[in-house]
Amino acid sequence: MEVSEKEEISVEDEAVDKNIFKNCSKIAFYRRQKQQLSKKSTYQALLDSVTTGKDSTRFQIINQATKVPLLAEVFGIEGNIFRLKINEETPLKPRYEVPDVITSKPSTVRLISCSGDTGNLILADEKGDLKCHITANPFKVDLVSKEEVVMSINSLGQLYFEHLQIPLEQRATREKENASIDASQKNQEDLGLWEEKFGKFVDVKLNGPASVGLDFSLHGFEHLYGIPQHAESHQLKNTGGEDAYRLYNLDVYGYEIHNKMGIYGSVPYLLAHKLGRTLGIFWLNSSETLVEINTEPAVKMGPVDAKQKSKSRTDVHWMSESGIIDVFLLTGPTPFDVFKQYSSLTGTQAMPPLFSLGYHQCRWNYEDEQDVKAVDAGFDKHDIPYDVMWLDIEHTEGKRYFTWDKKRFPNPKRMQELLRNKKRKLVVISDPHIKIDPDYSVYAMAKEQGYFVRNHEGGDFEGICWPGLSSYLDFTNPKVREWYSGLFAFSVYQGSTDILYIWNDMNEPSVFRGPEQTMHKNAIHHGNWEHRELHNIYGFYQQKATAEGLTQRSRGKERPFVLTRSFFAGSQKYGAVWTGDNRAKWSYLKISIPMLLTLSVTGISFCGADVGGFVGDPEAELLVRWYQAGAYQPFFRCHSTINSKRREPWLFGKEHTQLIREAIRERYTLLPYWYCLFYCAHVTAEPIMRPLWVEFPDELETFGVEDEYMLGSALLVHPVTEPKATVVDVFLPGSNEVWYDSKTFASWEGACTVKIPVALDTIPVFQRGGSIVPIKTTIGKSTGWMTDSPYGLRVALSTKGSAVGELYLDDGHSFQYLQKQQFLHRKFCFCSGVLSNSCADERGHYTSKCVVEQIFVLGLKKQPSSVTTPSSDGKDQPVAFTYCAGTFTLSLENLSLNIGTDWEVHVK
Ligand code: NOJ
């Protein structure tokens, strides 16, 4: 390992030249697959080899040129999912199969074989609604739903499987000679079979070429989403030559926008949507992966008759550097069915502690305890609520995680007591690299136990990161995870208390001056697996171990909060994700919306972007607009880099302070709604931030919208992302919908674009008719101060004059909601002039002193003659009300209706 030439590590080490990252042409397995596929070699399924086991149906596939047999396995999985696995039948050694992502062994359903034909095999689920038609030669699979072919696999013949081979030098002489005929030295280098060069780096491949690939044709689909993380549009774009979406977790400081290069995390899962059907393809592979997308729009063949149109189609081509083909086909048919299907495999969003839905204040770095104290006091002084103070790497003793810089933070417990008294929390950073220092106990313990990733020569892998020369914990090893989790115990982590939570950063992993700023692919992990096999899942494991550590330190009582930069499919189970090192520019504010929508539809609901932009200094207007957007995004944190100017909310003049205060207060006003959305995400896998197409799947006009989105099913948010905006065009979907401006209560019918005038204090948010949104009417210094504060209900009537909504409530921090059913789940309904509060889940029991003190009914067409609540003695109690004929709004104030009991309000 090259040792650091300079001792000091600074932000410049992360902010490297963009040329250190590869494009597709620099990726050998991409070049190999492209070259080979142009030659047209086909695979044939040997259907006379079919065997049917308890869980799956198996058969051989043979490449007609190489004759190497592959084994295909088709599984039917409960909930309308198919799984197709393809591996070598007898590999030289086992190939990597991604562990720990699929939450439990999927319950399989029996597939019935319904064809005796030799050239064909039809496998159907018991209901017979879904069928897999397997064609033998050339090998192809059609997924058929109710006689409609919705997806074809390998119809373009892009199945590609490099079988493991004995290294050239170990082969017998004759074989070697043969091999050298078709693999001249030059060719070898180009194809990067056993060795791949990139800049000064040489990747020596112990197992030689091992890549896999397969194509999927989606019939009638033109709209695809998913495969985060890219700083790209929500709707996936066609990838021309050498422009595939890359899934390779990388630390890209100030990443470029509209670029398909891989950044911090990867979820190899995409969704396709068309009128009447949504599908998902989950490609379970954690090695470097490329995805090509090619949409062929419908072509009119003859006169305007729709039947004469050729169907549109989108082809998706997945290619991975190694591992096996293991793909789950989620057949929908609705978007919410697909979310459920995906969550049945990878889990749902963890239920977060309530505080983490508040506002977070971060900076690299808050200098010392005094600084923390002053910033904390600043929030109170300026009457701005906030929940969490964050400390970046400088809080440690020389970037040794789990320690404190004694000069800056001499008494971390005292500092935490200060925050605790304000009902606030602290988050500190803990990265995966561990400074090589025998006197640092974490290092010494890990070294002794052999807990670091190894280099290919067998020593500990060493790379440079913030502390200088470091080794990297091997989180893929369950023992290492268990040990690491133990480091969060209060008795071990000196200076930590139960209000301290964790931020995992640099876990792609980031290795300064390493190939593409990351770990060498031939580093060795637990079980002797090469890093290349599992690169994309490294960060997932760190967050898993951290979340488990935080849970264990409370003996399983308290919910953890862990933010991670790197992630994989299933990371939602362990906490929140943010979009890394964005820039203080309008374009980055704008791209945050599609980036978060993409994370949201791939299961990661708890996501956010650094408010203000991490790199650079936002002008006041941009900062205000960013706060306004961030207040309506799931994870809401302001953060900035070490050499940026201070940007606490009160540093931009009175007027801007007021605007930021307002935005943050709106966040806290909506807390009950946010919490309920997280509960629904946790229980039923419904994304929190939803692209319009998810809520309006039958409306073509919504499929490409990404400058606005739904929060749950009730609120439409259109953040202002342009400087000096005076008006925004807001698309209000749904021909039978009515929408209400959340501030003015002005209303519009749906299916139109309206021009909304905006001043700097306008956040365009609209409530959908038919919804009831619970709010808090009094804001506290933090979520902790709001436990007992009263509720309000915003009842927005539909065109039919009705509305529904819900509220979820528990203690906000423990697992009692799960272990002891200590929760309240209430249902609100407005129908025929009666607003009712009733129980939505009889299992739950939790008492709350809180009352509903304010109810607004929007869209009530005529002034009521009376408003009453029935009382226990059978008499109706009159309720004072006001009615605004201009906005058709009924207001009830000073009420005292308990949130957790059944009641009715009658409007006549
Ligand atoms: C990179 C992270 O993306 C950033 O948020 C953090 O401030 C720095 N590392 C320093 O820890």
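Specify the residue that is farthest from residue 74 (Cα to Cα); the eligible residues are those in the stretch 313-354 that are touching a Pro at 6+ places or on another chain (Cβ under 7 Å) and surrounded by 23 or more Cβ atoms within 10 Å (Cβ to Cβ).
Within the stretch 313-354, the match that is farthest from residue 74 (Cα to Cα) is 335.
Out of all the residues in the stretch 878-901, which are surrounded by 11 or more Cβ atoms within 10 Å (Cβ to Cβ) and either more than 28 Å from residue 746 (Cα to Cα) or of a type in the set (A, V, I, L, M) (or both)?
879, 890, 892, 895, 897, 898, 899, 900, 901
Any idea how many residues of the stretch 210-232 are surrounded by fewer than 24 Cβ atoms within 10 Å (Cβ to Cβ) and β-branched (Val, Ile, Thr)?
0
Condition (residue is more than 16 Å from the ligand (Cβ to nearest atom), at positive phi and open to solvent by 20 Å² or more (accessible area, probe 1.4 Å)) applied to the stretch 650-666: is it met by at least one residue?
So far as the stretch 650-666 goes, yes, one or more of its residues are more than 16 Å from the ligand (Cβ to nearest atom), at positive phi and open to solvent by 20 Å² or more (accessible area, probe 1.4 Å).
Taking the condition of being away from the ligand (no atom under 16 Å from the Cβ) and surrounded by fewer than 18 Cβ atoms within 10 Å (Cβ to Cβ), how many residues in the stretch 376-412 meet it?
10
Could you tell me whether the stretch 418-426 includes any residue that is open to solvent by 10 Å² or more (accessible area, probe 1.4 Å) and not basic (Lys, Arg)?
The answer is yes; a qualifying residue exists.
Being crowded, with 21+ Cβ neighbours inside 10 Å and part of a helix (DSSP H, G or I) is the requirement here; does residue 527 meet it?
No; evaluated as a whole, the condition is false for this residue.
Among the residues in the stretch 574-587, are any within 16 Å of the ligand (Cβ to nearest atom), open to solvent by 10 Å² or more (accessible area, probe 1.4 Å) and over 29 Å from residue 549 (Cβ atoms)?
Taking every residue of the stretch 574-587 in turn, at least one turns out to be within 16 Å of the ligand (Cβ to nearest atom), open to solvent by 10 Å² or more (accessible area, probe 1.4 Å) and over 29 Å from residue 549 (Cβ atoms).
For the stretch 498-521, which residues satisfy the criterion of being assigned to a loop (DSSP other than H, G, I, E, B), away from the ligand (no atom under 14 Å from the Cβ) and open to solvent by less than 10 Å² (accessible area, probe 1.4 Å)?
Those that are assigned to a loop (DSSP other than H, G, I, E, B), away from the ligand (no atom under 14 Å from the Cβ) and open to solvent by less than 10 Å² (accessible area, probe 1.4 Å): 499, 514, 519.
Taking the stretch 554-573 as the search range and keeping residues that are open to solvent by 10 Å² or more (accessible area, probe 1.4 Å) and farther than 15 Å from residue 357 by Cβ, which one is nearest to the ligand (Cβ to nearest atom)?
Selected residue: 573.
Quick one: residue 371 ticks every box in (1) within 16 Å of the ligand (Cβ to nearest atom); (2) over 15 Å from residue 639 (Cα atoms); (3) open to solvent by less than 10 Å² (accessible area, probe 1.4 Å) bar one, so which box is it?
(3)
Go through the stretch 685-766 and tell me which strands (runs of 3 or more DSSP E), entirely inside it, have 2 or more residues that are not aliphatic (A, V, I, L, M).
Counting at least 2 such residues, we get 727-732, 738-741, 747-749, 752-757.
Go through the residues of the stretch 546-553 one by one and say whether even a single one is within 16 Å of the ligand (Cβ to nearest atom), in contact with a helix residue (DSSP H, G or I) (Cβ under 8 Å, 6 or more places away or on another chain) and assigned to a helix (DSSP H, G or I).
Yes, the stretch 546-553 contains at least one residue that is within 16 Å of the ligand (Cβ to nearest atom), in contact with a helix residue (DSSP H, G or I) (Cβ under 8 Å, 6 or more places away or on another chain) and assigned to a helix (DSSP H, G or I).
Give the residues of the stretch 356-368 that are open to solvent by 10 Å² or more (accessible area, probe 1.4 Å) and free of Cβ contacts under 8 Å to residues at least 60 places away in the same chain, sorted by residue number.
Selection gives 367, 368.
For the stretch 137-163, which residues satisfy the criterion of being surrounded by 19 or more Cβ atoms within 10 Å (Cβ to Cβ) and touching a Gly at 6+ places or on another chain (Cβ under 9 Å)?
139, 140, 150, 158, 159, 160, 161, 162
The values are calculated or read from the model by the stated rules, or taken from the named source; none is laboratory data. Keep in mind that what you see is a predicted model, and the values were worked out from it rather than measured. Virtual Cβ from ideal backbone geometry, glycine too; neighbours counted across all protein chains shown. Remember, those area values only see protein heavy atoms, side chains included, never the ligands or the DNA or RNA. Shrake-Rupley method; radii C 1.70, N 1.55, O 1.52, S 1.80 Å.
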